[in-house]
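K.L.:
Shown below is the structure under consideration.
The values are calculated or read from the model by the stated rules, or taken from the named source; none is laboratory data. As the structure is a prediction and not an experimental result, all values here were calculated from the model. Virtual Cβ from ideal backbone geometry, glycine too; neighbours counted across all protein chains shown. Side chains are part of the model used for accessible areas, which takes the heavy atoms of the whole protein and leaves out ligands, DNA and RNA. Shrake-Rupley method; radii C 1.70, N 1.55, O 1.52, S 1.80 Å.
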Amino acid sequence: MNRTMTALAALSLSLPVQAKTPPAPALPPVPSLEQVADNALKSDVNAWDFVEGITTEVGQRQAGTEAEARGRAWAVQWLKERGFQNVADEPYMMPTWVPGEPGTAEIVSPFPQSFAIAPLGDTASTGPEGITAEVVMFASVAELQAAPEGSLKGRIAFVSNDMTRTQDGSQYGFAGPTRWVAAGIAAKKGALATVIKSVGTDDHRNPHTGGTSFPEGVTPTPAGALSNPDAANLERMFARAKGKPITMKLVLTPQFLGETQSGNVVGEIVGRNPALPPVLLACHLDSWWLGTGAIDDGAGCAIIAGAALNVAKAGQPLRTIRVLFAGAEETGLWGSKAYSKAHLAEPIAVGLESDFGADRIWRFDSNFRTTNPELHKKIALAVARFGVSAGTDVAGGGADLNIVRDQKGALVDLQQDGTRYFDLHHTPDDTLDKIDPAQLRQNVAVWTQVVGILANEGTAILTGTPVPSAPAIMKSR
Ligand code: ZN
Ligand code: ZN
């Protein structure tokens with residue numbers, strides 16, 4: 001060190017330290033969409049918080065009731081607290097059915113005992129005194145259909161069926177008609193009431209409820225689902241009764257409340273160009289009354305909201321992402337229909353729905369595989385690392401995407417593993433503990449990846465044609 005430097009050093013030591021403007025702290029780098037999706041696989045706050053919160057603080061959310069209204073108020077607050085914009089509860093009126101007192105089904109003779117039963121949606125009451133009548137068994141809907149007109153007069157029809165577990169849930173299409181149409185067919189043939197074996201794959205003493213319908217001009221009758229072990233018991237009784245009549249006393253007391261108000265809850269992550277058609281993510285907020293609506297469909301709303309928030313972590317998306325928590329799906333898609341009616345003139349870029357529990361996504365389908373193969377391929381490649389394969393089915397969208405189907409728009413289906421879904425579906429077992437947090441995170445990760453790609457897509461999703469650029473791209477707000 002020379003003398004000058006020594007002097008300078010001494011000087012600098014003797015002087016007070018000059019106040020310097022500290023350098024601006026470096027902004028944390030904006031993570032890529034891929035990083036955000038990968039992180040979602042490892043940790044999740046929002047999706048679990050939503051489904052844990054709504055099942056704990058609200059519980060069951062039977063369509064059209066005050067419980068569903070509390071669910072909507074809870075969801076509105078949750079969305080606002082997490083920064084969603086344009087949050088609203090869009091009201092509509094609907095005919096409301098409620099289940100009444102827990103039903104009972106008793107075999108009076110020849111083998112007296114009680115069975116577990118739950119009324120089916122849109123069915124009539126037996127009155128508190130109940131009805132007692134002979135039971136006639138049918139092995140299938142086809143067998144019931146073949147019964148002569150009037151042959152069920154004064155009797156209770158029992159329609160059995162079997163349902164097996166399938167990964168893609170396709171068995172619902174085969175077993176479902178027992179619940180969807182048997183009561184109506186039996187009523188038309190003069191039956192006083194109908195009981196069915198549950199449309200479900202478990203062996204718990206839990207009935208699976210769900211909606212049914214009666215043909216035009218046929219007065220609704222009482223109808224209920226027996227738990228699977230009880231329905232099996234009734235089948236055995238027929239074998240042992242050796243032709244002796246089997247008599248059942250049925251007490252089911254549901255009620256029609258007339259028109260009540262329900263609503264669709266919406267919220268948005270506003271895009272850089274809000275003039276572009278938005279990406280619509282749908283689920284339903286209502287549930288049947290037996291469980292707490294965890295897998296059907298609290299999980300679906302949790303997944304889509306969690307994914308929308310994640311996409312924003314990778315920077316403001318080009319298109320707006322809108323979540324639609326539809327009301328009253330279970331009792332007749334009232335929310336989905338009302339949403340389409342109110343917004344049909346507002347084009348949607350693409351619709352996706354989550355309403356099949358919370359187990360892992362294993363396949364991706366779209367309805368633009370042939371019209372926009374590049375985008376389909378891009379998504380397929382991006383989700384492969386999450387164990388999701390590219391399907392060749394044409395996506396049809398879920399029940400709450402009426403608006404997209406009415407607009408003949410683009411759809412993406414993220415198919416979940418449905419192997420155990422129908423063990424729990426519409427039963428008292430639909431509770432939070434049935435959700436596997438790791439599989440829920442896989443859902444959120446895949447949704448984050450896919451929604452992020454779609455929300456940043458600058459061409460029309462269905463056709464891949466360039467969209468006209470907006471006069472001014474709006475800045476983040
Ligand atoms: Zn559902
Ligand atoms: Zn359901």
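K.L.:
State all residues of region 18-58 that are buried (at least 18 other Cβ atoms within 10 Å of the Cβ) and not hydrophobic (A, V, I, L, M, F, W, C); if no residue qualifies, say none.
P.N.:
Residues satisfying the conditions are Asp44, Asn46, Thr55.
K.L.:
For Ala328, state whether it is more than 12 Å from ligand 2 (Cβ to nearest atom), in contact (Cβ under 8 Å) with a residue 40 or more places away in the chain and not hydroxyl-bearing (Ser, Thr, Tyr).
P.N.:
Answer is no for this residue.
K.L.:
For Leu318, indicate whether it is closer than 24 Å to Val446 by Cα, at pLDDT 95 or above, open to solvent by 10 Å² or more (accessible area, probe 1.4 Å) and touching a Leu at 6+ places or on another chain (Cβ under 8 Å).
P.N.:
Working: closer than 24 Å to Val446 by Cα: yes; at pLDDT 95 or above: yes; open to solvent by 10 Å² or more (accessible area, probe 1.4 Å): yes; touching a Leu at 6+ places or on another chain (Cβ under 8 Å): yes.
So Leu318 fits the description; yes.
K.L.:
Could you check, for region 457-468, whether at least one of its residues is in contact with a strand residue (DSSP E or B) (Cβ under 7 Å, 6 or more places away or on another chain) and free of Cβ contacts under 8 Å to residues at least 12 places away in the same chain?
P.N.:
Yes, region 457-468 has at least one match.
K.L.:
Do any residues in region 225-245 that are closer than 16 Å to Val199 by Cβ have Cβ atoms under 6 Å from those of residues that are surrounded by fewer than 17 Cβ atoms within 10 Å (Cβ to Cβ), where the two are at least six apart or on different chains, and which pairs are they?
P.N.:
The qualifying pairs are Ser227/Arg205; Asn228/Asp203; Pro229/Asp203; Pro229/Arg205.
K.L.:
While we're here: Quick check on Asp365: is it touching a residue at least 12 places away in the same chain (Cβ under 8 Å), buried (at least 17 other Cβ atoms within 10 Å of the Cβ) and within 16 Å of ligand 1 (Cβ to nearest atom)?
P.N.:
Values: touching a residue at least 12 places away in the same chain (Cβ under 8 Å): yes; buried (at least 17 other Cβ atoms within 10 Å of the Cβ): yes; within 16 Å of ligand 1 (Cβ to nearest atom): no.
The answer is no for Asp365.
K.L.:
How many residues does region 78-99 hold that are open to solvent by less than 40 Å² (accessible area, probe 1.4 Å) and not hydrophobic (A, V, I, L, M, F, W, C)?
P.N.:
Total meeting the criteria: 3.
K.L.:
Okay, moving on. Which one of these is in a helix (DSSP H, G or I), of a type in the set (Phe, Trp, Tyr) and either at pLDDT 95 or above or open to solvent by 60 Å² or more (accessible area, probe 1.4 Å) (or both): Phe256, Phe238?
P.N.:
Being in a helix (DSSP H, G or I), of a type in the set (Phe, Trp, Tyr) and either at pLDDT 95 or above or open to solvent by 60 Å² or more (accessible area, probe 1.4 Å) (or both) holds for just one of Phe256, Phe238, which is Phe238.
Residue-wise test of (1) in the same structural domain as Val444 (by TED's automatic domain parsing); (2) surrounded by 14 or more Cβ atoms within 10 Å (Cβ to Cβ); (3) among the small types (Gly, Ala, Ser); (4) on the phi > 0 side of the Ramachandran plot.
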{"residue": "Thr370", "(1), (2), (3), (4)": "yes, no, no, no"}
{"residue": "Leu375", "(1), (2), (3), (4)": "yes, yes, no, no"}
{"residue": "Val388", "(1), (2), (3), (4)": "yes, yes, no, no"}
{"residue": "Asp400", "(1), (2), (3), (4)": "yes, yes, no, no"}
{"residue": "Gly409", "(1), (2), (3), (4)": "yes, yes, yes, no"}
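K.L.:
Return the only residue of Asp393, Asp429 being open to solvent by 10 Å² or more (accessible area, probe 1.4 Å) and in contact (Cβ under 8 Å) with a residue 60 or more places away in the chain.
P.N.:
Asp429
K.L.:
Scan region 406-421 for residues that are within 19 Å of Gly169 (Cβ to Cβ) and either among the β-branched types (Val, Ile, Thr) or assigned to a helix (DSSP H, G or I) (or both) and jot them down.
P.N.:
Correct list: Val412, Thr419, Tyr421.
K.L.:
Let me ask you something else. Out of region 350-379, which residues are under 15 Å from Ala410 (Cβ atoms), of a type in the set (A, V, I, L, M, F, W, C) and out of contact with any Leu (no Cβ under 7 Å at 6 or more places or on another chain)?
P.N.:
Hits for region 350-379 are Leu375, Ile379.
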